[in-house]
Amino acid sequence: MFPQPNTARADDAAGREIDPRDIRAALATDELSLAFQPIVAAGAGALTGFEALLRWHHPTHGAIPPVEVIPVAERSSLILDLGDWVLRRACAQAAGWRTRPGGDGPAPTVWVNISARQLEDERFPERVASALYETGLDGSALCLEVTESSLVNVHTTCALAVMSELRSLGVRLALDDFGTGYSSLSYLRHLPIDCLKLDRSFAGQVTSDASVAPILKGVADMAHALGLALVAEGIETEAQLAVVRDCGIDLLQGFLLGRPSAPEHLERWAGVTDVAPTERVDYPADLAVAHVPRGAAPAVAHLLEREGERLVDEATESVYAGDDRGWFGTAASAGARRRWVTTLSWDCSSGTYEGSLRMTDAFLRQAAMAGAPPLEQHLFLTSVRKAITRELRRAGVVEAQVRSAWQLFTALEHRLLLILPIHRSVDGRVPATGDDAA
């Protein structure tokens, strides 16, 4: 709820003093509202979530930007009430995305900014839990953002305890405006966070300052080594978009990709309950499955319909050792795994694979946002491929169909390369024989 300062309004703001009583009155009326700005995957441009941004239309002063409201609210202790209002409204909106007709597929995550004062409130996790319970939103559908600089001014022990409690609810945490504060690598390693959100100044200078792109690549490598997703905001031009994508950034946000909009104006994102805005998803020919022979489809469809869930469960077990279940082995991923298998079965029955591509993209994005590292995702997909092809051989399916199935699941593995720019170990070659082909 804390968007960037608008310098065009600086003169207006200089002569205006916000009265805390007006903020309190606005909380009790319809003067406050939320706008939502899309956050998309860097690879395919597919929708992954929305950031909730506070809007206030004052009856006398007109539109007042949050950059003027938040400091007053923090000084007057109204920030807790204001933060609760934003949190509940955002959760209610996100829950609506997930319960609309046709909303059985993965729905967008909602990102909500929180203040340092909220992190110092020992009851804040309880307030978040209450908002989730009352709106019916799963904790994994909420990402809370806290600025890097604000953490400097809070009691570290208390803040870390609050952050750990929030994560126990399934809520994800992002460090916002990264690169403007004082975070050391050692400090980052001990923060219970899932994501780094780069300060918008990096995107703003990436095409004018040659030193910025190497810095972004280094930050991306560091983030991924720590198991963190990386977001670049402030993308306003095609040139910025092209450079930032090449730097290994995971998620993107900015006016070029979508301006903040009222909830009723979000229909351009395919009703926000679908996997992705179809007009923005581009499936490169070398990573698509159009070349996969259709001969495998009936055999795979029959197998997935009968044994799909069991095979995926067994594949999941083979990825992990001991009690380490990873995201793919948790109850939180069970629904996503079932939807993925069902979509694959339907597509194989009809002989088309576009739904499988989109569902695989959504499945991997959900895994990434839940903290599953790229290697874990790759191992899971590889294990499923081997389980499917092995079972087809056991069922006596002819080798040509088995090899076609191998090609299909290898193509689906390639979707990972569009979600996270990681190692290129999957080269798409079809082995002639051996266990890797199984």
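Since every read-out is calculated from the coordinates, none of them should be taken as a lab result. This is a predicted model, so every value here is computed, not measured. Note: ideal-geometry Cβ built from the backbone for every residue, glycine included; neighbour counts use all protein chains shown.
Key figures
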item	result
Spin-label model distance (nm) - ALA225 vs LEU160, 7 Å beyond Cα toward Cβ	2.1
Which of GLU264, GLU122 has the fewest Cβ neighbours within 10 Å, and the rest in rising order	GLU264, GLU122
